[in-house]
1. Go through (1) surrounded by 12 or more Cβ atoms within 10 Å (Cβ to Cβ); (2) out of contact with any Leu (no Cβ under 8 Å at 6 or more places or on another chain) for Val103 and report which single condition fails.
2. Report whether or not Arg131 is in contact with a strand residue (DSSP E or B) (Cβ under 8 Å, 6 or more places away or on another chain), closer than 26 Å to Gly9 by Cα and of a type outside the set (Asp, Glu).
3. Looking at segment 11-33, can you tell me whether even one residue there is of a type in the set (Phe, Trp, Tyr), farther than 28 Å from Gly113 by Cα and at pLDDT below 95?
4. Could you list all residues from segment 30-66 that are more than 19 Å from His111 (Cβ to Cβ) and of a type in the set (A, V, I, L, M, F, W, C)?
5. Given the conditions (1) under 13 Å from His111 (Cα atoms); (2) over 14 Å from the mean Cα position of the chain (by Cα), and given that Gly70 satisfies all but one, which numbered condition is not satisfied?
6. Return yes when Phe5 is within 16 Å of the chain's Cα centre (by Cα), part of a loop (DSSP other than H, G, I, E, B) and closer than 16 Å to Ala96 by Cα and no when it is not.
7. For the list (1) exposed (fewer than 11 other Cβ atoms within 10 Å of the Cβ); (2) under 12 Å from Leu97 (Cα atoms); (3) among the charged types (D, E, K, R), I need the number of the one condition that Arg23 fails.
8. Please verify whether Glu58 is surrounded by fewer than 16 Cβ atoms within 10 Å (Cβ to Cβ), more than 12 Å from the chain's Cα centre (by Cα) and over 17 Å from Cys117 (Cβ atoms), treating the condition exactly as stated.
Amino acid sequence: MTGKFEAPGTRAEIEEGDVLTPRFGADGLVACIAVDAHDGSVLMLAHMNAESLARTIETGEAWYWSRSRGELWHKGATSGQIQRVVEMRVDCDQDALLIRVEVGGDGGCCHTGRRSCFYRSVDLGTGTGVRLVPAGR
């Protein structure tokens, strides 16, 4: 696979068909949520372009497009936190992906050293100023 996918077809083909035709945004990216394959915890949100999506499918390991660095990013290549893809899903209109992964190394995914990038919650009950609190409170 060279990173080229068929162009999206009709609404019925996109929503009911059996061909992956990702709908990349104007920036050439599609959002991808990574969840733990064992317990379903949301680990991270990243983006894929056609090349990183193709590499993910080819290798069975997660590849992303780093918007901040402007380059392909093989998750875990330097940290050891390789994400082995157990399952890949696409949403109804093929503009978002969800991958179930097993994480190598210490099992973390966040560059801060945490298991998940979603380690804070927005405190919705304060009424004044938006505060972040540790997730799970």
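The values are calculated or read from the model by the stated rules, or taken from the named source; none is laboratory data. For clarity, every value in this text was computed on a predicted model and none was experimentally measured. Glycine also receives a Cβ, built like all others from the backbone with ideal geometry; neighbour counts cover every protein chain displayed.
1. Unmet condition: (2).
2. no
3. No.
4. Residues satisfying the conditions are Val30, Ala37, Ala50, Leu53, Ala54, Ile57.
5. Of (1) under 13 Å from His111 (Cα atoms); (2) over 14 Å from the mean Cα position of the chain (by Cα), only one is false for Gly70: (1).
6. When the stated conditions are applied, Phe5 does not pass them.
7. (1)
8. So Glu58 passes the test.
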